[in-house]
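S.K.: The structure is given below, and queries will be raised subsequently.
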Amino acid sequence: MAECQGDGEGAKSPMELYEKLTAQGEQVRALKTAKATKADVDAAVQLLIQLKTDYKQMTGQDYKAGCPPSENSVAPDNGPAAGGADDEDTVDPWNVSTNNAKGVDYDKLILRFGSSKVDKELVDRIEKVSGQKPHRFLRRGIFFSHRDMHQVLDAYEKQKSFYLYTGRGPSSEAMHVGHLIPFIFTKWLQDVFDIPLVVQLTDDEKYLWKDLSLEDCHRFAVENAKDIIACGFDVNKTFIFSDLDYMGASPEFYRNVVKVQKHVTFNQVKGIFGFTDSDCIGKISFPAIQAAPSFSSSFPQIFKGRKDIQCLIPCAIDQDPYFRMTRDVAPRIGYPKPALLHSTFFPALQGAQTKMSASDANTSIFLTDTPKQIKNKVNKHAFSGGKDTVEEHRKYGGNPDVDVAFMYLTFFLEDDEQLEKIRQDYASGALLTGELKKLLIETLQPMIEQHQQRRKQVTEEEVKLFMTPRPLNFNF
Ligand code: TRP
């Protein structure tokens, strides 16, 4: 397309990368034939491997000699790997399910989506660059996958700042603890890197997908904003917006939506999101609206019109399809690709086969639950990895890997040593299910009570301020 621009990663398009790869393959063969030194061959092979990784990242496909990428290729969900009976995990923006009690196989998801693992090296690097102890979500593999985090850190080390973008689909007034995960982590990222944050409330999305009125969706957006603010965000560094408001208020935002719309075909969104001919056209064009905040020029009031500020998106892995699409379009409309940090799902009380859902009260601990409700829900509904009788439990021990109370503690208990001790004691049978649940209840009750206190203190004026397009305390 005419607007093609460099993407900062060398190759501009899958085709160009494919051609580079083919040339590099020939180079390796030529070096080997010419009996070049081992060092020369190794260097050429290293480059070849790097190009193959880039190719997989860009197209979602493995490079095959003689098979050029198809036109308009967008990194797809590679689908469950062929063969293997346990490959039935469903993960898309609307459904999450698996047959495995331990939850979704996240390593397989990394391969399927073509992202990269958050490994120890990356966690160590985040520690080094930020100068802070990594958040427990990083230490414990809850933010387990990423795209381009090293690039973000490289740039940050060279004093090139970036910004954070995350969001929430306001489908009801009731938020549950699972909804807090990306916001707790985003708050930590904002604190340690001292960078701007934009939060998109997709009231338009919920109107299009659910049986709700526009007014209700917008009202839920404002109500949810209060819970987000209660996570402790700094009003001088954070812009929260409802799509229904901001689309009409910001010509720059809408321009970016249109640019994305022009560069993605119906075929592509069908492939990525599974839309069919009978989906309303609002759904079909919505992905462009979730893509637009990934580009700094959508917020001229914050970035002074600059279009080159890198974006980092912390989100649950089910949102990745939107951002695979975004990353594919970005270089074609002259913008940097957003980087991503993906989290695992917050399991339902009934078990890790699915995530918490706000529409089923018994699967979730809500931010409005009383201490008593929390206690009852955990005791009654939290799936236990313990044995049926105390005798058996003492003898054989429990299974923390499928135990929901233990899983929740890995999200919320800060102390690593204490968590490890709980795990060992539960597995050995020294700690009983009731005792484990009690530990969780005692962790959740004060956490949720404090959230409720902070939310109560959020005033209407404060919400208005957070949601007003305005400059933030940063100089770009
Ligand atoms: N689609 C998301 C949801 O339904 C909301 C959302 C919009 C989002 N932009 C985002 C989530 C960016 C994470 C990151 O919840």
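The values are calculated or read from the model by the stated rules, or taken from the named source; none is laboratory data. Predicted model, so just to flag it, every value in this text is computed and none were measured. When we count neighbours, we look across all protein chains shown, and the Cβ atoms used for this are built from the backbone with ideal geometry, even at glycine. Ligands, DNA and RNA are excluded from the accessible area calculation, which covers all protein heavy atoms including side chains. Shrake-Rupley method; radii C 1.70, N 1.55, O 1.52, S 1.80 Å.
S.K.: Among the residues in the range 394-416, are any free of Cβ contacts under 8 Å to residues at least 40 places away in the same chain, within 30 Å of Ala225 (Cβ to Cβ), open to solvent by less than 30 Å² (accessible area, probe 1.4 Å) and among the charged types (D, E, K, R)?
M.R.: No, because not a single residue in the range 394-416 is free of Cβ contacts under 8 Å to residues at least 40 places away in the same chain, within 30 Å of Ala225 (Cβ to Cβ), open to solvent by less than 30 Å² (accessible area, probe 1.4 Å) and among the charged types (D, E, K, R).
S.K.: Determine, yes or no, whether Phe275 is aromatic (Phe, Trp, Tyr), within 16 Å of the ligand (Cβ to nearest atom), assigned to a helix (DSSP H, G or I) and touching a Lys or Arg at 6+ places or on another chain (Cβ under 8 Å). Break it down stepwise before answering.
M.R.: Working: aromatic (Phe, Trp, Tyr): yes; within 16 Å of the ligand (Cβ to nearest atom): yes; assigned to a helix (DSSP H, G or I): no; touching a Lys or Arg at 6+ places or on another chain (Cβ under 8 Å): yes.
When the stated conditions are applied, Phe275 does not pass them.
S.K.: Looking at Phe253, Phe299, which is the one that is in contact with a strand residue (DSSP E or B) (Cβ under 7 Å, 6 or more places away or on another chain) and within 16 Å of the ligand (Cβ to nearest atom)? Explain how you work it out, then say what you get.
M.R.: Numbers: Phe253 fails: in contact with a strand residue (DSSP E or B) (Cβ under 7 Å, 6 or more places away or on another chain).
Only one candidate passes the filter, namely Phe299.
S.K.: From the list Asp360, Asp388, which residue is free of Cβ contacts under 8 Å to residues at least 60 places away in the same chain, open to solvent by 10 Å² or more (accessible area, probe 1.4 Å) and closer than 29 Å to Tyr165 by Cα?
M.R.: Asp360
Table: residues versus (1) away from the ligand (no atom under 11 Å from the Cβ); (2) open to solvent by less than 30 Å² (accessible area, probe 1.4 Å).
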| residue | (1), (2) |
| --- | --- |
| Arg140 | yes, no |
| Phe144 | yes, yes |
| Gly169 | no, yes |
| Thr202 | no, yes |
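S.K.: Oh, and also: Give the residues of the range 171-188 that are over 17 Å from the mean Cα position of the chain (by Cα), open to solvent by 10 Å² or more (accessible area, probe 1.4 Å) and more than 10 Å from the ligand (Cβ to nearest atom), sorted by residue number.
M.R.: Answer for the range 171-188, where residues must be over 17 Å from the mean Cα position of the chain (by Cα), open to solvent by 10 Å² or more (accessible area, probe 1.4 Å) and more than 10 Å from the ligand (Cβ to nearest atom): Ser172, Glu173, Ala174.
S.K.: Sort out which residues of the range 314-339 are open to solvent by less than 20 Å² (accessible area, probe 1.4 Å) and either within 12 Å of the ligand (Cβ to nearest atom) or without any contact (Cβ under 8 Å) to a residue 12 or more places away in the chain (or both), and write them in order of number.
M.R.: Hits for the range 314-339 are Pro314, Cys315, Ile317, Asp318, Asp320, Pro321, Tyr322, Phe323, Thr326, Pro338.
S.K.: Checking Asn473 against (1) within 17 Å of Lys375 (Cα to Cα); (2) out of contact with any helix residue (DSSP H, G or I) (no Cβ under 9 Å at 6 or more places or on another chain); (3) in contact (Cβ under 8 Å) with a residue 40 or more places away in the chain, which single condition isn't satisfied?
M.R.: Only one criterion in (1) within 17 Å of Lys375 (Cα to Cα); (2) out of contact with any helix residue (DSSP H, G or I) (no Cβ under 9 Å at 6 or more places or on another chain); (3) in contact (Cβ under 8 Å) with a residue 40 or more places away in the chain is unmet by Asn473, namely (1).
S.K.: Suppose the filter is closer than 22 Å to Asp191 by Cα, touching a Phe, Trp or Tyr at 6+ places or on another chain (Cβ under 7 Å), part of a helix (DSSP H, G or I) and away from the ligand (no atom under 16 Å from the Cβ); does Val129 pass it?
M.R.: yes
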